[in-house]
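The values are calculated or read from the model by the stated rules, or taken from the named source; none is laboratory data. Because the structure is predicted, anything quoted here is derived from the model rather than measured. Every residue, glycine among them, receives a Cβ derived from its backbone with ideal geometry; neighbour counts consider all protein chains shown.
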Amino acid sequence: MRVFHVSPRLILRIIGILMCFASIIWGYYEHQAGNMLFVGLIVGLIVGLRFGGFAVIQHFALRFALRREDLLPLKLVTFLDYAAERIFLRKVGGGYVFVHRMLMEYFADLDPGRPGSD
């Protein structure tokens, strides 16, 4: 029976954090704290972007683009919770689903730019 599972990503994150701290400490004792801090930050940035950072950037870029075109509200979770209170949506796990399929299809057909809709 496996009680505790350590993923390779977690190990690499821990290594990246330890490298940042080690470079800061080593640079301090070698009187080159500024250079080692820079190296530690770069390594931390690379590791962070490699393991989830790009997804975060893409997520916020998509939300910004949709907001700029007025396709989504700025406070999306508040809007979805409001729709769930009004029984348009239902919370399922970490997401939302429409209560009725006809309601979903009605809102989908409102898009004037969609091919096949009049």
_Selection within the stretch 80-94 - surrounded by 10 or more Cβ atoms within 10 Å (Cβ to Cβ) and either outside any loop (DSSP other than H, G, I, E, B) or of a type outside the set (A, V, I, L, M) (or both)_ = Leu80, Asp81, Tyr82, Ala83, Ala84, Phe88, Leu89, Arg90, Lys91
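Looking only at the stretch 95-115, which residues are in a loop (DSSP other than H, G, I, E, B) and at pLDDT below 85?
Result: Leu110, Asp111, Pro112, Gly113, Arg114, Pro115.
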*asked:* I'd like to check something: does the stretch 72-79 contain any residue that is exposed (fewer than 11 other Cβ atoms within 10 Å of the Cβ), modelled with pLDDT under 85 and among the hydroxyl-bearing types (Ser, Thr, Tyr)?
replied: no
